[in-house]
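Let me begin by presenting the structure, written as structure tokens, before commenting on it.
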Ligand code: ADP
Ligand code: MG
């Protein structure tokens, strides 16, 4: 056609297409999920726009038709369509940050070495996370996109997934080569070898059941409905099976794991809320994830009376809660709220605050009811809780977060039923305080980034062990800051064993002669001389004083009252970074 224009793909897009089409590929079927999810997004946008204007969008749906004789897979939606410019920018460039990250990752891995092994790895990643629209090229020789935008203009975008695509005006109608009156029709010309997968009804049906059971619009395949459009978040916990909940979590959270915990939370005051929230079992920021959040995005989809307001709602959650996945439906959020005002709306912040507090309370409940499972979860996700204690909003959530922390301690390992070897229990600060012996005033902790072995040989422990005082073992540098932010718990100060001072330190050592084990301790005068020698000759200017003490058992000397090791390292790191 005369009005047809040819454009080159953006370089990154070309690279992505190259990987997608040339991978030795096992999970090609995910293209269905990607195209359905795009159709669903377009429908959500359409519903939102209509309802914000107080108008009725009519019936919104996704229709898929496959024809194994012709070898086509056609998906159509009556959502918000694309103009010529939209087609060029949405399908010609990689807009999605996840896809960008993907390309970078693969580029880093693959370099120029295009071995089979590398492309298999790439393929597995695509299978898990999806690369959006371009996944259509995994099974297609050619892809045609017919779309009618809000202004009534209709265009065909077409590409064979090589270096370029074409755009041309087209007619509106139901036939081949025409765009729907509203929305988008995508036609895949399926590769010969993929026909049994992408152009066969039974195969596509099973993929839809697997990935798209929770799409909030009717999805039909050759005229037959394939999904129920239950809004799981409006139901109570008992009405939702674990399998459905897990599938829903993967659907809304773009996740691949099974959630560790789920919370159905609803309220009618001060805000009307229906929500379904999940705690992932794996840290969503570890490893490669296609859907990394940016800035103030949350892992929650915000709805108002089942109308999607915003995916990954911005400004809703404090940063440290970004691992939570799920849906929050709040009737008090007006539909016509703009993206910008949404972000710094007081209402949204209040909503986020209510949900944050409820979620933290819920974790505390889980910790009591399923302590082992909780500790395991904490091992992976505890970093976020610590971040909350040290972060910007620490003053708001510190008290809710502190009881959720778990620590190993100096107590002996115990073998409980079902264990094959003794284990060191992880306890909360509450538990620590409960079992403090009489006479112990403070909560003691020791930061040992080298792990338990390093902690156990610390000379700072000798004295406390002898007194029967338990010591918390912390294994990350950041823990020092966590402790400094918490400061005290249940009226007990948190004290680093490196800083702790004891009565024994100031007692005159010679009066305590009987506590030394070799009987050859120095007399008062000799001891004074030795201390003087340390202070003036051996360590001049490096210590503020040297005292005899009866505190140590096996070690000859130790430093006290100094800045803790972790603190020192951290400051060193900061000064190195600022250089
Ligand atoms: P993502 O969905 O993460 O944005 P995709 O690669 O899946 O990335 O899609 C790219 C873009 O193309 C979408 O953001 C959207 O703007 C547009 N798009 C794709 N499919 C449709 C559709 N069926 N209707 C309207 N727009 C679409
Ligand atoms: Mg998409």
Residue 39 vs (1) away from ligand 2 (no atom under 16 Å from the Cβ); (2) modelled with pLDDT of 90 or more; (3) in contact with a strand residue (DSSP E or B) (Cβ under 7 Å, 6 or more places away or on another chain): all pass except (1)
Would a scan of the stretch 488-501 turn up a residue that is in a loop (DSSP other than H, G, I, E, B), over 23 Å from residue 380 (Cα atoms) and under 29 Å from the mean Cα position of the chain (by Cα)? no
Selection over the stretch 440-460 where residues are in a helix (DSSP H, G or I) and buried (at least 21 other Cβ atoms within 10 Å of the Cβ) yields a count of 2
Search result, residues across the stretch 268-284 that are in contact with a strand residue (DSSP E or B) (Cβ under 9 Å, 6 or more places away or on another chain) and either buried (at least 20 other Cβ atoms within 10 Å of the Cβ) or within 13 Å of residue 299 (Cα to Cα) (or both): 273, 274, 275, 276, 277, 278, 279, 280, 284
Which residue pairs have Cβ atoms under 8 Å apart, sit 6 or more places apart or on different chains, and have a first residue in the stretch 16-29 that is within 13 Å of residue 191 (Cβ to Cβ) and a second that is at pLDDT 85 or above and outside any helix (DSSP H, G or I)? 20/161; 21/161; 28/139
Can you report the number of residues in the stretch 198-217 which are modelled with pLDDT of 95 or more and either part of a loop (DSSP other than H, G, I, E, B) or under 27 Å from residue 160 (Cβ atoms) (or both)? 6
Residue hits (the stretch 295-317; under 14 Å from residue 344 (Cβ atoms) and in contact (Cβ under 8 Å) with a residue 40 or more places away in the chain) are 296
Please work out which residue is nearest to the chain's Cα centre (by Cα), limiting yourself to the stretch 236-267 and to residues that are surrounded by fewer than 16 Cβ atoms within 10 Å (Cβ to Cβ) and closer than 21 Å to residue 313 by Cβ. 266
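Please specify each residue of the stretch 220-232 satisfying the condition of being farther than 15 Å from residue 31 by Cβ and modelled with pLDDT of 95 or more.
Step one: of the stretch 220-232, the residues farther than 15 Å from residue 31 by Cβ are 220, 222-232.
Correct list: 220, 222, 223, 224.
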Any chance residue 66 is part of a strand (DSSP E or B) and either within 13 Å of ligand 1 (Cβ to nearest atom) or at pLDDT below 95 (or both): no
Answer yes or no: is there a residue in the stretch 79-89 that is within 16 Å of ligand 2 (Cβ to nearest atom), at pLDDT 85 or above, touching a strand residue (DSSP E or B) at 6+ places or on another chain (Cβ under 8 Å) and assigned to a helix (DSSP H, G or I). yes
Here's a check for you: in the stretch 280-308, which residue that is in contact with a helix residue (DSSP H, G or I) (Cβ under 7 Å, 6 or more places away or on another chain) and assigned to a strand (DSSP E or B) is modelled with the highest pLDDT? 301
Kindly indicate whether residue 44 is assigned to a helix (DSSP H, G or I) and surrounded by 19 or more Cβ atoms within 10 Å (Cβ to Cβ). yes
Taking the stretch 162-185, which residues are within 13 Å of ligand 1 (Cβ to nearest atom) and surrounded by fewer than 22 Cβ atoms within 10 Å (Cβ to Cβ)? 180, 182
For the stretch 3-13, indicate whether the set of residues that are within 16 Å of ligand 2 (Cβ to nearest atom), more than 23 Å from residue 196 (Cα to Cα) and part of a helix (DSSP H, G or I) is non-empty. yes
In the stretch 368-390, what residues are under 27 Å from residue 329 (Cβ atoms) and touching a residue at least 12 places away in the same chain (Cβ under 8 Å)? 377, 381, 384, 385, 388
Among the numbered criteria (1) at pLDDT 85 or above; (2) closer than 30 Å to residue 327 by Cβ; (3) away from ligand 1 (no atom under 16 Å from the Cβ); (4) in contact with a helix residue (DSSP H, G or I) (Cβ under 8 Å, 6 or more places away or on another chain), which one does residue 105 miss? (1)
Taking the residues in the stretch 336-368 that are crowded, with 17+ Cβ neighbours inside 10 Å and outside any helix (DSSP H, G or I) as candidates, determine which candidate is nearest to the chain's Cα centre (by Cα). 345
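The values are calculated or read from the model by the stated rules, or taken from the named source; none is laboratory data. Everything numeric in this text was worked out from a predicted model, so none of it was measured. Virtual Cβ from ideal backbone geometry, glycine too; neighbours counted across all protein chains shown.
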